[in-house]
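Below is one structure; the comments refer to it alone.
Nothing in this text is a laboratory measurement; each read-out follows from the coordinates by a stated rule. Just so it is clear, the model here is predicted, and its values are computed rather than measured. Positions of Cβ are backbone-derived with ideal geometry, glycine not excepted, and every protein chain shown enters the neighbour counts.
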Amino acid sequence: MIKQKIDKGTKKAILDTRKLIEELARMDGNEMETRTRVRHIFGTLMGYDTFKHLTAEYAIHTSGETVHCDLAIQLDRKEATKPDFLIEIKRVGIDLSSKTIRQASSYAIDVGCEWVLLTNSKEWRLYHISFTKPPQTKLIASWNIISDTPAVLAEKFGLVSYKSIKKGSLAKLWEKSNVLSKHNILEAILSEGSIILVRRHLKKSTDITVSPEDIVGAVRQLLNEASVAEMERIKISLPVKKQHKKSTTT
């Protein structure tokens, strides 16, 4: 694996932030203290103007009531413009649960925003909301500021940095995520061309001939339950067996 290099300034900023969050975790900081450090991270690691680009307690008007999301990133401050993404923050000592993401995604759905960032300052999870019926929430990226390497953290925080959002990089990230979906990867692996290549490789390396059906069965055994279920939806293109004509003599 190729190790990504980061400059000394970025590495120092990440390590300083890690110490800040480790200290917060040791003191079991409350939600307000966690929010303060998260805002600091948006300014130091992600390049936002925390006064200009961040809106605290972002108001979301639903049918019958108004609720508030902890933070919203909005580069275009026009009133009719939707946030680029919403941020829901939990206290440092609270784990990020499925209930928490349901709450955050409901905010995004109400305001028509496709992206939600969920964090307790240690763990960070980036979700995409697809406005299907019913809406679908998909985890796109996750990272941990305590345990991940500075190179990984530089890459992950870069996904939601000011420069990335300004370039519209989240849309490209979603396109890439779709291309690399379980369905697409399995469909590529189980295509006729791929199965032919696998058979040739196995024959060359082991001198044993296996059938296309053998390969499909082996792939099925490698998969977890969710992937096997996905596999059932895929049309598998097995290579056509060649019929050898018998020679005739007259």
Query raised in the report: Tell me, what does the Kirkwood hydrodynamic radius of region 10-111 come to in angstroms if you use every pair of distinct C-alpha atoms?
Result: 14.9 Å
Query raised in the report: Where both partners of a DSSP beta bridge lie in region 8-179, what percent of those bridges are antiparallel, to the nearest 5?
Result: 85 percent
Query raised in the report: What's the extension gain from residue 76 to residue 218 if we count 0.36 nm per residue and subtract their Cα-Cα distance?
Result: 46.0 nm
Report summary line: Row for region 6-66, column shape: gyration tensor on C-alpha, a ≥ b ≥ c, rounded if a/c < 1.5 i.e. under 1.5, prolate if a/b over b/c, else oblate; value oblate
Query raised in the report: FRET efficiency for residue 138 and residue 44, Cβ-Cβ distance as r, R0 = 25 Å, nearest 0.05?
Result: 0.30
Query raised in the report: Using a simple spin-label model with points 7 Å from Cα along the Cα→Cβ vector, what separation in nm is obtained for residue 201 and residue 174?
Result: 3.4 nm
Query raised in the report: What's the extension gain from residue 97 to residue 12 if we count 0.36 nm per residue and subtract their Cα-Cα distance?
Result: 27.5 nm
